[in-house]
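Everything below concerns the one structure shown next.
What follows draws every value from the coordinates through simple rules; no lab data is involved. Please read these numbers as outputs of a predicted model, since none were measured by experiment. Note that each Cβ is placed from the backbone with ideal geometry, even for glycine, and that neighbours are counted across all protein chains shown.
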Amino acid sequence: MSDDKAAKGKTSVLGRIGEYALKVLGFFVILEPIWMLLPFAGFLYGSVLHIQTLNQNPNTAWLTHFVFPVLTGGLLGPIMVIVGFLLFCIGAAQIYIAKIRKSGLVTGGLYRFVRHPQYISLTFFGLGILLTWGRAMTFIAFFFMMFLYYYLAKSEERLCTRLFGDAYERYRERTSFIIPGDRFLRPLAAKMPRLKLPGLVRVPLVLALALLICFGLMWAIDAIKLAIREIPYLQAQVPLGAVDPAAAAAAKELAAHQVAGVPFVQDGRLAVVRGPYRNAWATGFAETVLKRTRESATLKPFVAFLGQPGDDVLIVFCGPYEKPDEKGTPGMKKGGGPGGRGPTPDPAGPDRVRLILMRCSLAAGATVADAFADKAKRTIRQGCIAQVNVALPPADDFVEADGKARGPGFPGEKLWDFFLQQLAAQPATERATAPAVAVPGKFDKATLVLVQAPILRTRLDPHFAEDVRDRLAASPKFREHLRRSGAGGPIVPVAFPRPGPDWYREHHGLPQISVFVILARLAEGAGPDALFRKGGRDLLSAFTAEMNLKIAPPADCVGVINPIGAWRDLEERWTFFLSGVGGMQLRLHTH
C-alpha cells in the first residue's frame with residue numbers, strides 16, 4: 001500500500017513538474033508573435049538573440065524567410081490580432097474577477113460556449129500574426145503553441161476536477177473543449193480506435209505529428225506562393241557616362257574561368273583572381289585590375305615579360321589595402337557588422353586593394369587553369385606587391401604605393417596557400433560556372449530595377465518607392481559605382497531597400513535606409529521580368545549603399561558604398577528578400 005502511495009506521489013510530482021515546464025515553454029512560445037509587433041523587434045533579434053547567425057548556414061537560413069507573404073489578406077491579419085487580444089482580455093477578466101470575488105467555477109460569458117476561450121483567443125491572435133508577418137520561425141512557433149495549449153488545457157481540466165468535483169464534470173458534459181461545437185463529435189471520437197501508449201511515448205508522437213503537419217503545410221504554402229507570386233518593382237534608366245571605345249574591344253580578349261573553386265579573369269598570360277578580398281568579388285573589379293596592371297608605369301618593369309617571348313604567366317591576387325589593426329583580415333573571412341548586415345566598411349574604401357603579383361613558370365603543356373588545379377604544374381619565380389586604387393582616372397597610374405619587385409625571400413608559396421584556403425571557405429566558389437565578364441565603360445546606361453521589398457512601405461506607399469528609385473538613379477556616387485562595376489546591357493543592378501539605423505523612429509518621414517544591390521546577368525534580349533523566373537538570371541556580385549533621405553535633392557543622399565564578399569550567399573539573400581512578397585500588390589495608403 002505504501003508503495004502505491006509512493007508511486008502516486010512520485011507521479012504527482014513528475015506531473016506537476018511537467019505542467020510547470022509546459023507553462024514556461026508556452027510563455028516563451030507566445031512571446032514570438034507578441035514581440036514581432038514591437039518596434040524593437042529588430043534590436044531583439046539582431047543585437048540580443050543574434051538571429052542573423054542562422055543565415056551563415058543554408059540549412060538554417062530558411063528560418064528567417066517568410067512562409068506567408070507579408071500582410072496576406074490585407075488588413076485581415078491585423079484585425080484577427082486585435083480580436084484575439086480582446087477576447088483574451090475578456091476571458092482573463094472573467095477568471096480574475098471570479099478569483100477576487102471567490103465566486104468559484106466560471107461558467108458564464110465566453111465560458112458558456114467553450115471551456116478554454118483564452119486558448120481560442122491566443123490561437124486567433126497567432127493566426128492573425130501569421131497572416132500579417134508569417135515568418136518560418138513564427139509558423140513553427142504557432143504549431144508548438146497548438147501542441148502546448150492542448151496539454152496545458154488537459155492539465156488545467158485535471159486541476160479543476162480536483163477543485164470543483166462533480167460541478168466541473170457536469171460543466172464538461174454541456175460545453176465544448178476548445179473549438180465551439182466539438183462536443184457533438186464526442187460519439188464519433190468514442191468509436192475511433194485509440195493507442196494505449198504511456199505518456200512518455202504518446203506525447204513525443206503527437207509532437208512529431210504536429211511538426212510533420214507544420215512542415216508539410218510550409219512546403220505546400222511556399223509552392224503555391226511561388227506559383228502565383230507577382231514581384232512589384234520599379235525601373236529607371238541610369239546614365240553611366242560616355243562609352244569607352246576601347247571597352248568593347250577589351251571585352252573580346254577577356255575570358256572568365258573557374259577552376260578548383262578559384263574564379264579568375266584572364267587575358268592571354270595575365271590572370272586576376274576574383275578574391276579572396278571582398279572588393280575583388282565586385283563585378284568589373286578584376287577586369288579593371290587586369291587592364292590597368294598592363295597600363296601601369298610603376299608595374300611596367302615587373303610585367304614587361306608579358307610582352308616578350310616566353311611561357312611565364314602573371315597571376316594576381318587581391319588582399320586588403322592596409323594591414324588591419326584587429327585580429328583577422330576584414331572581408332576575407334565570414335564576418336558581420338552591426339546588426340549582421342555585412343562586413344564593416346573598409347577604411348580604405350571599396351576601390352583600394354593590395355595586389356600580390358606572382359610570376360610563374362608552368363610545366364610543359366600546362367595552362368593558367370592547371371596552375372590552380374595542381375601546384376606541381378607551376379613554380380613561383382618572382383613576386384611583387386602594390387597598393388592600388390581603381391577609382392583613379394584612367395590617365396593616372398593606379399598604383400598609389402609600393403609596386404617594387406621582391407627578392408628571393410618573397411613568401412610566394414605561403415601566400416598562395418593562404419589565398420586558396422580563403423577562397424575554398426567561400427560559398428560562392430561552389431558555383432559550377434564562372435561569373436560572366438563585365439567590362440567597365442562598355443555601356444552608356446544601365447537599367448535599375450528597384451524591388452518593392454523587403455521594406456513593406458515600398459509596397460504600401462508607391463511615392464516612397466519612386467523617391468528611393470529616383471534618388472538612386474540621380475546619385476553621382478551610385479552611378480559611378482555602377483559604371484566601374486560594368487553594369488549596363490544584360491548586367492542589371494537590382495536594388496532591395498532595407499531599414500537603416502533610424503528606421504523605427506523615422507520610417508513615416510524621411511528615414512535612413514540601406515539598399516542591398518545585386519548585379520544580375522540576364523540572357524541576351526531578356527527583359528527585367530526574367531529576373532524573377534527560375535533560371536532567368538545569374539547573380540554576379542553585390543554591394544550595399546547607405547541612403548539618408550533627409551538630404552534634399554539635388555544633393556547626393558547616397559553615403560557609404562560597401563562591397564559584399566562571397567561569404568554572403570546571394571541566392572539565399574535573393575530568396576529571403578522575395579519571400580515576403582505574395583500574389584497581390586498592396587496599396588493601403590500614401591504619404
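Neighbour counts of other C-beta atoms within 10 Å: give me Ile380, Ile561 arranged from fewest to most.
Numbers: Ile380 18, Ile561 21.
Ascending Cβ contact count within 10 Å gives the list Ile380, Ile561.
Rank by packing, highest mean first: peptides 485-492, 206-213, with packing defined as the count of other Cβ atoms within 10 Å averaged across residues.
485-492, 206-213
If the viscosity is 0.890 mPa s and the temperature 25 °C, what translational diffusion coefficient in µm²/s does Stokes-Einstein give for region 232-291 when Rh comes from Kirkwood over Cα pairs? Can you show the working numbers first?
Details: Rh = 13.4 Å.
Roughly 184 µm²/s, to the nearest whole number.
For labels at Ala167 and Asp417 in the simple 7 Å Cα→Cβ model, what's the distance in nm?
Placing both labels 7 Å beyond Cα along the Cβ direction yields 8.1 nm.
Could you work out the local net charge near Asp556, counting Lys and Arg as +1, Asp and Glu as -1, over the other residues with Cβ closer than 14 Å to its Cβ?
Details: positive: Arg471, Lys477, Arg479, Lys550; negative: Asp470, Glu480, Glu546.
Net of charged neighbours comes to +1.
Got a sec to turn the phi values of region 409-416 into Karplus ³J(HN,Hα) couplings, 6.51 cos²θ - 1.76 cosθ + 1.60 with θ = phi - 60°, whole Hz, x for Gly and Pro?
x, 4, x, x, 5, 5, 5, 4
Below 13 angstrom from the Cβ of Arg202, what's the summed charge of the other residues (Lys, Arg +1; Asp, Glu -1)?
Working: positive: Lys154, Arg194, Lys196; negative: none.
Result for the local shell: +3.
Order of 275-283, 390-398 by packing, highest average Cβ count within 10 Å first? Present the calculation step by step, with values, prior to reporting the outcome.
Working: 275-283: 27.3, 390-398: 14.1.
Result, highest mean first: 275-283, 390-398.
Please give every one of the aspartates and glutamates within straight-line cross-link reach of Lys477, meaning a C-alpha to C-alpha distance under 13 Å, and leave out same-chain neighbours fewer than 8 residues apart.
Here the aspartates and glutamates satisfying the reach criterion relative to Lys477 are Asp351, Glu546, Asp556.
How many nm is it between the label spots at Val560 and Ile179, if each spot is 7 Å from the Cα in line with the beta carbon?
Going from the Val560 label point to the Ile179 one covers 5.3 nm.
Test of understanding: extend the Cα→C-beta vector of Ala189 to 7 Å, then name every residue of region 83-120 with backbone N under 19 Å from that spot.
111-120
Please quote Rg/Rh for region 195-334 to two decimal places, taking the Kirkwood radius as Rh and restricting both calculations to Cα atoms.
Values: Rg = 27.0 Å, Rh = 21.0 Å.
Radius of gyration over Kirkwood radius for region 195-334 works out to 1.29.
Which percent of Cα-Cα pairs in region 57-146 sits in each 10 Å bin, short to long?
17, 36, 25, 15, 6, 1
Within a 10 angstrom radius of the beta carbon, how do Val353, Val515 rank from fewest other beta carbons to most? Could the numbers behind the result be given before it?
On the way: Val353 26, Val515 23.
By the 10 Å Cβ count, ascending, the order reads Val515, Val353.
Step through the residues of region 448-461 one at a time and calculate ³J(HN,Hα) from phi using the Karplus curve (6.51 cos²θ - 1.76 cosθ + 1.60, θ = phi - 60°), rounding each to whole Hz and writing x for Gly and Pro.
With the stated coefficients, region 448-461 comes to 8, 10, 9, 7, 7, 6, x, 5, 5, 4, 5, 8, 7, 10 Hz.
Tell me, Kirkwood radius of region 245-430 from alpha-carbon pair distances, in Å?
Working: mean 1/r = 0.0590 Å⁻¹.
For region 245-430, the Kirkwood estimate is 16.9 Å.
Ile95 to Trp219: FRET efficiency via 1/(1 + (r/R0)^6), r the Cβ-Cβ distance, R0 51 Å, to the nearest 0.05? Spell out each step's value before the answer.
Working: r = 39 Å, r/R0 = 0.77.
Computed FRET efficiency for Ile95 and Trp219 comes out at 0.85.
With 26 Å as the limit, write out which pairs from Lys375/Lys442; Lys323/Lys404; Lys291/Lys534 have Cα-Cα distances beyond it, or answer none. Could you put the intermediate results ahead of the total?
Working: Lys375/Lys442 36 Å; Lys323/Lys404 18 Å; Lys291/Lys534 34 Å.
Lys375/Lys442; Lys291/Lys534, as the Cα separations exceed 26 Å there.
Counting only DSSP beta bridges with both residues in region 245-430, tell me the antiparallel percent, nearest 5. It would help to have the intermediate numbers written out before the result.
Details: 32 of 36 bridges.
If we restrict to bridges inside region 245-430, about 90 percent are antiparallel.
For a quick check: sort Trp62, Trp574 by the number of other beta carbons within 10 angstrom, fewest at the front.
Values: Trp62 18, Trp574 21.
Lowest to highest Cβ neighbour count: Trp62, Trp574.
With labels modelled as points extended 7 Å from the Cα through the Cβ direction, what inter-label distance (nm, one decimal) is found for Asp444 paired with Tyr504?
For Asp444 paired with Tyr504, the spin-label model returns 4.8 nm.
What percentage of all Cα-Cα pairs in region 86-218 are separated by more than 17 Å?
On the way: 5973 of 8778 pairs.
When all Cα pairs of region 86-218 are counted, 68 percent exceed 17 Å.
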